[in-house]
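Comments concern the structure below.
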Amino acid sequence: MTVLASPVPKTEVRTLSMAQALNQALRDAMAADPAVVLFGEDVGALGGVFRITDGLTAEFGEARCFDTPLAESGIVGMAVGMAMNGMRPVVEMQFDAFAYPAFEQIVSHVAKMRNRTRGRVALPMVIRVPYAGGIGGVEHHCDSSEAYYAHTPGLHVVAPATPADAYALLREAISAPDPVVFLEPKKLYWSKQEVQLPVREPGIGTAVVRREGTDATLIAYGPSVPVALEAAEIAAREGRSLQVVDLRSIVPFDDETVCAAVRSTGRAVVVAEAAGFASVSSEIVARVTERCFTALAAPIRRVTGFDIPYPPPKLEHFQLPGVDRVLDAVDDLQWEQ
């Protein structure tokens with residue numbers, strides 16, 4: 001009997017923006033599985049506010065990529081019913097704070113269904129949320145709402161920082177058996193990278209070291225990763241070696257990679273756009289301190305957004321963590337004189 005080898009996936013190298021990588025991931029997922037459907041406000045003919053779903057209605061038809069009324073609770077509620085009945089819905093919230101009307105559905109039903117049914121009913125669905133600032137938007141358009149979702153057991157929460165990760169994490173999120181809140185940094189939609197498609201690794205729950213360093217570790221995710229990398233580059237010119245860790249996945253959290261990085265330098269700074277109080281950055285500091293206390297040469301510092309409502313567009317650069325604030329925090333890590 002002749003045994004046929006498994007087909008090798010066709011690969012190609014392309015320079016993609018994050019928006020294009022997300023679009024390609026959705027296209028490939030829809031082509032691979034007819035159960036995948038996309039819907040939300042203006043995602044059909046328009047292709048979404050940020051054109052992430054551009055061309056998908058024309059390619060796959062209005063039954064698989066379609067517009068909905070302006071009712072986020074209804075969007076998520078419909079996705080729950082679809083996921084319970086064998087489909088894999090991917091919904092878009094259009095802007096971060098637009099998701100709040102759907103929050104009850106997400107917390108009470110999306111996150112709880114598997115536990116409520118003792119594992120009999122899973123919800124394989126993705127909630128795409130264009131999030132965070134940096135685009136000159138007003139309130140309700142620039143929130144960093146990751147802590148709400150990360151605090152809710154039953155949800156996976158991811159935030160890519162590169163086009164390659166945007167593709168890989170979205171493909172894995174769509175194929176996952178449980179719900180994923182997929183946070184897309186709006187200001188990185190136009191960042192570009194050479195990507196070898198299809199990208200499928202590393203997966204959800206895995207952090208990566210973006211830059212090696214020996215003096216201190218910068219821990220960031222989503223829109224703050226480029227800021228950390230720029231800070232590390234400037235610090236290198238001044239004779240200080242900074243390591244940069246990109247979380248990629250907030251829930252599940254990769255304690256092993258993060259703690260190994262911090263133990264190797266003994267100093268750490270967490271960089272995040274969200275307000276600092278009761279935040280994901282707070283949890284990172286707590287987890288690392290509990291696990292790495294004896295290896296720390298100084299208390300862990302945080303550089304975050306301020307504990308205020310999101311400011312007007314002309315003032316947002318004061319709110320967002322910048323390179324200077326990151327380097328000031330590094331300077332405050334009790335260096336020996």
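Rule-based calculations on the coordinates, nothing more; no lab input. In this text, all values refer to a predicted model and were calculated from it rather than measured experimentally. Here Cβ is always computed from backbone atoms with ideal geometry, including for glycine, and neighbour counts include all displayed protein chains.
Summary of computed values
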{"read-out": "Using θ = phi - 60° and Karplus 6.51 cos²θ - 1.76 cosθ + 1.60, couplings along the range 38-43 (whole Hz; Gly, Pro as x)", "value": "10, 7, x, 7, 6, 7"}
{"read-out": "Candidates P223, P309, P185, ranked by Gaussian network fluctuation over the chain, Cα under 10 Å, top entry", "value": "P309"}
{"read-out": "Descending semi-axes in whole angstrom, ellipsoid equivalent of the chain, from the Cα gyration tensor", "value": "34, 23, 20"}
{"read-out": "Cβ-based exposure ranking for F318, F182, F50, in which fewest neighbours within 10 Å come first", "value": "F318, F50, F182"}
{"read-out": "The chain: relative contact order in percent, alpha carbon pairs under 8 Å with at least 6 residues between", "value": "16 percent"}
{"read-out": "Computed Rg/Rh of the range 114-264, alpha carbon atoms with Kirkwood Rh", "value": "1.00"}
{"read-out": "GNM result for the chain, Cα springs below 10 Å: residue of Q24, Q196, Q319 fluctuating most strongly", "value": "Q196"}
{"read-out": "Whole-number D in µm² s⁻¹ for the range 21-84, Kirkwood Cα-pair radius fed into Stokes-Einstein, 37 °C, 0.692 mPa s", "value": "277 µm²/s"}
{"read-out": "Descending Cα extents along the principal axes, the range 208-331, whole Å", "value": "41, 34, 23"}
{"read-out": "Under 9 Å, Cβ to Cβ, from R267 - net charge with Lys/Arg +1 and Asp/Glu -1", "value": "0"}
{"read-out": "Listed residues T68, T117, T57, most fluctuating in the chain (Gaussian network, C-alpha, under 10 Å)", "value": "T117"}
{"read-out": "D_trans [Stokes-Einstein, Kirkwood Rh over alpha-carbon pairs] for the range 172-254, 4 °C, 1.567 mPa s, µm² s⁻¹", "value": "91 µm²/s"}
{"read-out": "Descending principal axes extents, the range 75-133, alpha-carbon based, whole Å", "value": "39, 20, 15"}
